[in-house]
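The values are calculated or read from the model by the stated rules, or taken from the named source; none is laboratory data. The structure displayed is predicted, hence computed values, not measured ones. Don't worry about glycine lacking a Cβ; one is built from the backbone with ideal geometry, like all the others, and counts go over all protein chains shown. Ligands, DNA and RNA are excluded from the accessible area calculation, which covers all protein heavy atoms including side chains. Shrake-Rupley method; radii C 1.70, N 1.55, O 1.52, S 1.80 Å.
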Amino acid sequence: MNFIRLLRTNWPFALTYGILLLGLGICQVLYRQGIISLEINRYNGTFADTFFKYITHLGDGIFCVGVGVGLLFRARKKGFLVIGAYAISGILAQLIKNFAFPKEPRPVEYFKGMMQSLHTVPGVELSHWNSFPSGHTTSAFALFALLALWTQKPWLKLGCLVMACVIGFSRMYLLQHFMVDVYVGSLLGTLTAWGLALKFNEIA
């Protein structure tokens with residue numbers, strides 16, 4: 001019942017996210033990960049380079065923990081939930097990265113024979129391994145899925161999803177991850193956030 005209530009009160013986030021999962025899931029069935037990455041890489045520009053280079057840091061632990069610490073002064077329980085969601089989802093992501101898929105190549109390794117023809121963003125150091133899942137995307141969705149639950153305005157709920165998706169997309173734009181890494185990272189973060197919110201009755 002609580003889960004149904006979560007979906008009902010959080011419908012702008014949940015419904016839109018569900019549609020995105022379905023659409024991107026179909027896309028990944030139809031096209032290989034490399035093809036999707038190459039198609040994304042075709043569309044680039046100076047503004048996009050700068051924008052995604054910096055927006056991707058909103059998926060960093062420093063930002064997520066910072067938001068959690070800030071919330072501690074206004075709503076202690078919510079602050080601890082943000083920090084907890086980040087920690088739990090992050091640990092799960094790292095366990096999957098390092099033990100389940102320890103040598104999963106990232107785009108720079110996958111495309112190492114043709115990197116000279118691909119667009120890269122100056123100043124961004126590209127990682128080679130431990131691609132699956134995306135840690136930044138996991139953290140971003142863990143944070144914004146919780147924030148969406150706690151705001152009453154539908155457009156803010158949708159805005160939280162947009163922010164999380166932009167951070168996830170930045171990982172693909174910067175050639176740090178494949179779509180499947182971002183896809184699963186988003187699920188990991190969202191489900192962790194929702195699970196903790198249900199556990200501690202912090203749906204709204």
### Task
Please name all residue pairs, on different chains or six or more residues apart, with Cβ atoms under 6 Å, provided the first residue is in the stretch 184-200 and is under 19 Å from L15 (Cβ atoms) and the second residue is open to solvent by less than 40 Å² (accessible area, probe 1.4 Å) and among the hydroxyl-bearing types (S, T, Y).
S186/T137; G189/S89; G189/T138
### Query
Would you say I55 is surrounded by fewer than 18 Cβ atoms within 10 Å (Cβ to Cβ), farther than 25 Å from K153 by Cα and at pLDDT 95 or above?
no
### Query
Right, R106: in contact with a Gly (Cβ under 9 Å, 6 or more places away or on another chain), open to solvent by less than 40 Å² (accessible area, probe 1.4 Å), of a type in the set (K, R) and on the phi < 0 side of the Ramachandran plot or not?
no
### Task
Give the number of residues within the stretch 110-136 that are farther than 14 Å from M172 by Cα, open to solvent by less than 50 Å² (accessible area, probe 1.4 Å) and not in a loop (DSSP other than H, G, I, E, B).
1
### Query
From the list A145, A164, A197, A193, which one is touching a Gly at 6+ places or on another chain (Cβ under 7 Å), modelled with pLDDT of 95 or more and of a type in the set (A, V, I, L, M, F, W, C)?
A145
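Which of the following residues is assigned to a helix (DSSP H, G or I) and over 11 Å from the mean Cα position of the chain (by Cα): L161, L156?
Of L161, L156, the one residue that is assigned to a helix (DSSP H, G or I) and over 11 Å from the mean Cα position of the chain (by Cα) is L156.
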#### Entry: Residue match in the stretch 20-36 (condition: among the basic types (K, R), part of a loop (DSSP other than H, G, I, E, B) and over 23 Å from F111 (Cβ atoms))
no
### Message
Give me the residue from the stretch 179-204 that is aromatic (F, W, Y) and within 17 Å of the chain's Cα centre (by Cα) and, out of that set, farthest from I36 (Cα to Cα).
### Response
W194
### Message
So in the stretch 1-13, with the set limited to residues that are more than 17 Å from the chain's Cα centre (by Cα) and closer than 19 Å to F141 by Cβ, which one is surrounded by the fewest Cβ atoms within 10 Å (Cβ to Cβ)?
### Response
F3
### Task
Taking only the stretch 39-50 into account, find how many residues are touching a residue at least 40 places away in the same chain (Cβ under 8 Å) and within 20 Å of the chain's Cα centre (by Cα).
4
### Task
Determine whether the stretch 74-97 contains at least one residue that is open to solvent by 50 Å² or more (accessible area, probe 1.4 Å), at pLDDT below 95 and not in a helix (DSSP H, G or I).
yes
## Note on the structure
Residues of the stretch 14-37 being touching a residue at least 40 places away in the same chain (Cβ under 8 Å) and either of a type in the set (S, T, Y) or farther than 16 Å from T137 by Cα (or both), in sequence order, are T16, Y17, G25, C27, Q28, Q33, G34, I36, S37
### Message
Consider the stretch 137-156. How many of its residues are buried (at least 23 other Cβ atoms within 10 Å of the Cβ) and of a type outside the set (A, V, I, L, M, F, W, C)?
### Response
3
